[in-house]
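The block underneath contains the structure these notes are about, expressed in structure tokens.
Each value in this text was obtained by applying a stated rule to the coordinates, not by laboratory testing. Please read all numbers here as calculations on a predicted model, not as lab measurements. Here Cβ is always computed from backbone atoms with ideal geometry, including for glycine, and neighbour counts include all displayed protein chains.
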Amino acid sequence: MSKLIVWGTPISTYVRTVRLLLEEIAADYTLKSIDIFNGESQSAEYLAKNPFGKVPTLEINGELLYETAAITEYLDATLGDRKFSFSDPMLQARMRQIMAIIDSYFYAPAIGSIVIQRLIVPSQGGKTDEAKVKNAIAPAKTALEAIESLAAGSPYLLGSQASIADFYLIPIFVYLSQTPEFEVIAAQTPKLRTWWDKVSQLPSVKKVCA
Ligand SMILES: N[C@@H](CCC(=O)N[C@@H](CS)C(=O)NCC(=O)O)C(=O)O
């Protein structure tokens, strides 16, 4: 039995992606907190685990693995019986495509700008940078509409089977849906709205993203 440690900040979307998968495969793991807001993720000790100072990092019996796509695909292969990937090559490619769109085009405007400015900055006593929020709406909308065009939408992003792509998008929706910009960004994404109504009720989502 592998000893699994997830190093990361519990509110991080990428940490939540890994934890959603771990919960869905009922794996035993320990979450060890690394704070990305107080400099801990830039400490020499953490940089020795992850030279980019990002969370999460997974430790498997002492071996370190970082980058969420690598972590989730490793866990799905070793503990999940590949239940959250596809044997059909096109569905697998669609899953990877959605993960890449989120990494490359959606995370930065949706979380890095809108969620940070609307939810995190005010919670820490700061003032929202409205220009940053405004500039992030169009790129976030483009990325979400691209995902919409690839999605089956019911009940999961790519049809009847949940996949790693669902665990990528869910934690972002948890936060983005709490911002006023969500209505504009998701205005043309009816499949994703239906998807969100269903997946937001999953016990794993309530546990990890509460
Ligand atoms: N490419 C990384 C991205 C991880 C990432 O951006 N994590 C964010 C938290 S959701 C982080 O560590 N932010 C801290 C920082 O940028 O200093 C992955 O796939 O794991």
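Some observations on this one:
- About the centre of its Cα atoms, the range 4-78 shows a dipole size close to 200 debye [charges on the beta carbon of Lys, Arg (+1) and Asp, Glu (-1) only; nearest 20 debye].
- Each pair of Cα atoms in the range 1-45 enters the Kirkwood radius, and Stokes-Einstein at 25 °C and 0.890 mPa s then converts it into a translational diffusion coefficient of 217 µm²/s.
- Under Karplus coefficients 6.51, -1.76 and 1.60, residue-wise ³J(HN,Hα) of the range 164-171 in Hz, glycine/proline x: 4, 4, 4, 6, 6, 7, 3, x
- The orientation-averaged projected area of the convex hull spanned by the Cα atoms of the range 89-208 comes to 7.2 nm².
- Positive-end residue, the chain charge dipole about Cα centroid, Cβ charges, pick of 209, 17, 95: 209
- The Cβ shell under 15 Å around residue 5 holds other residues with a net charge of 0, Lys and Arg each +1, Asp and Glu each -1.
- Scalar couplings 3J(HN,Hα) for the range 69-75, obtained by applying the Karplus form with A = 6.51, B = -1.76, C = 1.60 to θ = phi - 60°, are 5, 5, 5, 5, 5, 5, 5 Hz; x denotes Gly and Pro.
- All other residues whose Cβ lies under 10 angstrom from that of residue 181 are scored, Lys and Arg at +1 and Asp and Glu at -1, for a net of +2.
- By DSSP, the beta bridges lying fully in the range 4-78 are antiparallel in about 65 percent of cases.
- Diffusion coefficient, µm² s⁻¹, Stokes-Einstein with Kirkwood Rh over alpha-carbon pairs of the range 55-152 at 25 °C and 0.890 mPa s: 157
- Counting only DSSP H runs of at least 4 residues, each contributing -39500 (n - 2.57), and dividing by the residue count of the chain, the helix-based mean residue ellipticity at 222 nm comes to -13500 deg cm²/dmol.
- Look at the alpha carbon pairs under 8 Å that are at least 6 residues apart: their mean separation over the length of the chain gives a relative contact order of 22 percent.
- The Cα trace of the range 4-78 gives Rg and Dmax of 11.4, 34 Å, the first to one decimal, the second as a whole number.
- Alpha carbon centroid spacing (whole Å) that separates the range 51-116 from the range 1-28: 11
- In sequence order, the range 146-156 has phi-based couplings of 5, 5, 4, 5, 9, 7, 7, x, 8, x, 10 Hz under the Karplus curve 6.51 cos²θ - 1.76 cosθ + 1.60, θ = phi - 60°, and Gly or Pro positions carry x.
- All alpha carbon pair distances within the chain were sorted into 10 Å bins beginning at 0; the resulting P(r) in whole percents reads 8, 34, 37, 18, 2.
- When both bridge partners sit in the chain, DSSP labels roughly 70% of those beta bridges antiparallel.
- Take every pair of alpha-carbon atoms less than 8 Å apart whose residues are at least six positions apart; their mean separation over the length of the range 9-74 yields a relative contact order of 31 percent.
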